[in-house]
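Trainee: My questions all concern the structure below.
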Amino acid sequence: MKSLNNITRTSKLLNVNKLFSLIAMLSIMLFASACEKKSTHTDIMVVKPWISEIIPGSTVTAGYMQIMNHTDKDDVLTGVKADISKFVEIHEMSQVDGVMRMRRLDSVPVAQGKSVEFKTGGMHIMFIETTKELKIGEKVPVTLVFQNRGDLAVELEVKSIKSIHEH
Amino acid sequence: MKKVTYIILTILVAISVSCKSKSKPLEVLEIGSNFTLTDHNGNDFELTQLQGKIVFIFFGYTHCPDACPTTLSKIGAFYKKMGADADDVATLFISIDPKRDTIDKLKKYMGYFEYGPIGLVGTQKEITAVTNSYKIIAQKRMEGGKSGYLMDHSTSIFILGRQGKVRQLFNPLENVSTLISIVQLLKEEDN
């Protein structure tokens, strides 16, 4: 009788162990799939998009961001659309022998798996003949036009150009 | 142990003193001269008015969306960090785009920066005389884009000593701390 009880207890223990193993395995699988979802991007991502507030007396301003291509093929930024100015262009600054030169770019390649940065002193999106006032903290809707991806809507946060040196 | 600490401290103090005494005074650069332009209030402005002050001169234009506001902001960061120590430092923003930069536009633009930079305009002839004197490049370039025309221009900040002579050029891509060091070197000359 005693041995029978032992067998029942052992089998119960085995079942409990099996249940634990199953739960553990399921948890690992769920966790793994969750992680996989987190690390897999299949789109073009835009990080920290912002636009400088328009300085009084001026009718131009500049937008900045980082564009990351997580798709499976190379792409090209061919234009930017916005309704805060009459014209929008992509410009690049470069300093050669102490002289700052700004030139207009027709397009910007964004290779697969790479990122391109628009930052002060480098490339920027130039808004020409602005038609609206921008308030700090406001979000400005802009459309980035990619050759393959098509239109990508982003919002640029209005910041003061003065804030970039306040560290 | 105390002895070792004392020796190390003595060496460190000696090094710092010797480094300080090594800082060479800034030379006088043979560029620039006095000029008369119109300030953003419409008044005549002569450089000699600022004699006795340390002066920053920056050439730019209000249609410039990136380099000019960024540089003026960096100068703003200088004033913020220096506080009252920068009361004897004046900043001039000379427009190299007299066609588009009116006195009214420049007044609004300058008003954005709390440290009170003085905006200066002039006729094309007057501006060219100043840019030639400071040996800076300011060229109009047609881009075929919607921005009308762009200006290729020198972005260095000219730093003038109290006698109105150019003593150093500051590249705005450098840190604000470098700008502070240059001004402090000029201030040391007062002692």
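The values are calculated or read from the model by the stated rules, or taken from the named source; none is laboratory data. Quantities reported herein were computed from a predicted structural model and do not represent experimental measurements. Here Cβ is always computed from backbone atoms with ideal geometry, including for glycine, and neighbour counts include all displayed protein chains. Heavy atoms of the whole protein, side chains included, go into the accessibility calculation; ligands, DNA and RNA do not. Shrake-Rupley method; radii C 1.70, N 1.55, O 1.52, S 1.80 Å.
Trainee: How many nm separate the modelled label positions at residue A:117 and residue A:157, each set 7 Å beyond the Cα in the direction of the Cβ?
Mentor: Going from the residue A:117 label point to the residue A:157 one covers 1.8 nm.
Trainee: Tell me the label-point distance for the pair residue A:72, residue B:137, using the 7 Å Cα-to-Cβ offset, in nm and rounded to one decimal.
Mentor: 4.7 nm
Trainee: Using a 1.4 Å probe, how large is the accessible area of residue B:177, given in Å² and rounded to the nearest 10?
Mentor: 70 Å²
Trainee: Using Cα positions and a limit of under 13 Å, work out the aspartates and glutamates in reach of residue B:187, with same-chain residues fewer than 8 apart set aside.
Mentor: B:85, B:87, B:88
Trainee: Quick one: work out Rg over Rh on the C-alpha atoms of the stretch B:66-126, Rh as Kirkwood radius.
Mentor: Reported Rg/Rh (Cα atoms, Kirkwood Rh): 1.01.
Trainee: Another question, then. Which of the GluC sites (Glu not before Pro) found in the stretch B:116-191 are loop residues per DSSP with 13 or fewer other Cβ atoms within 10 Å of their Cβ?
Mentor: B:174, B:189
Trainee: Using Cα centres only, tell me the gap between the stretch A:43-99 and the stretch B:93-135 in whole Å.
Mentor: Cα centres, the stretch A:43-99 to the stretch B:93-135: 27 Å.
Trainee: I would also like to ask the following. With respect to the cross-link table entries A:86/B:105; A:114/A:159; B:24/B:80; A:86/B:81; A:81/B:80; A:86/B:125, which display a Cα-Cα separation exceeding 29 Å? Kindly include the intermediate steps, with their values, before the conclusion.
Mentor: Details: A:86/B:105 19 Å; A:114/A:159 26 Å; B:24/B:80 26 Å; A:86/B:81 38 Å; A:81/B:80 37 Å; A:86/B:125 32 Å.
Pairs exceeding 29 Å: A:86/B:81; A:81/B:80; A:86/B:125.
Trainee: Report the full-extension gain for the segment residue B:28 to residue B:178: residue separation times 0.36 nm, less the Cα-Cα distance, to one decimal in nm.
Mentor: Taking 0.36 nm per residue and subtracting the Cα distance, the gain is 52.2 nm.
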